[in-house]
Every structure is written in structure tokens, then in C-alpha cells.
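For reference, the structure is listed below as C-alpha cells.
The values are calculated or read from the model by the stated rules, or taken from the named source; none is laboratory data. Everything quoted here is computed from the prediction, not taken from an experiment. Don't worry about glycine lacking a Cβ; one is built from the backbone with ideal geometry, like all the others, and counts go over all protein chains shown. Note: accessible area is taken over every heavy atom of the protein model, side chains too, but ligands, DNA and RNA are not part of it. Shrake-Rupley method; radii C 1.70, N 1.55, O 1.52, S 1.80 Å.
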Amino acid sequence: MRKDIMVLLPKAESAEVEYLAGIVHDMDDADRKSFLRIYKGRRLDPILVLGLSIGAPLAGISGIHRFMMGQIGMGILYLLTGGLCMIGNIIDAVNHKSMAWEHNRKIADEIYGSLHGGGGVVF
């Protein structure tokens, strides 16, 4: 199972691989492949979050990374305040890995719930 995950997500860190392995351990092959395919398509790469938290404000558009993570309110706030005068963007750049991991964990739980009748994952 971990091998399937590492093949599809070569840049995933060990905590993410372990979490996903815990989710897919009771799935049959078809469900596992479906789950991993959907997850791969919706997953945010931490490097993308870092790039957007630093690069987009330099182009004059703050908050894109927040919109991508589904945090619409924070995205609007960052957009209107220039990333809270760039302080928010700097903090987000420092915390980019944990922000991406939190988002990806929520996505994994949502996908698992949709494949298994609405129930979430509890670890």
C-alpha cells in the first residue's frame, strides 16, 4: 500500500504517506486506486503554497494560496490588505508545510467520506 502511495505521490513526506496508508488499508484495490487518483488531483503541494505566498504578493496579488486552500474569508482579507501588510504572507511562507498538510488531510478525509457513505476518518 505504501508503495502505491509513494509511486503516485513521490514528493509526499512520511507523515502524509503514513496517514494515507492508514486510510486505504481496509480498501480493496479499486477503491484504493480511486481514492489515490482523486487525492492526487486535489492535493496541494507545499512548494506551491510557498511559491504563491511569496510570489503572488510580489506581483501585487496577495491571498491566492488562501483561496486555493478554500479559505475564502482569509483570501479576501489578504487581497484587500496586501497580505496584512506582507506580515501574513511571511508567516504563511514559514508555515507553508503545515498549512498544506492540514489542507491535504481535510481533503483525504472528505474523499474517504464520499467513498464510504459520508463517514469521516478518525485517527
Just to confirm, what accessible area per residue do you get for the chain at 1.4 Å probe, in whole Å²?
57
How many percent of all Cα-Cα pairs in the chain sit more than 20 Å apart?
46
In a shell of Cβ-Cβ distance under 12 Å around E18, excluding E18 itself, what net charge do Lys and Arg (+1) and Asp and Glu (-1) give?
0
Sorting F67, F35 by accessible area (1.4 Å probe), largest first, what list results?
F67, F35
Using a 1.4 Å probe over the heavy atoms of the protein chains, calculate the carbon and sulfur portion of the accessible area of the chain as a whole percent.
63
With a point put 7 Å past each Cα toward its Cβ, work out how far C85 is from H25 in nm, to one decimal.
4.9
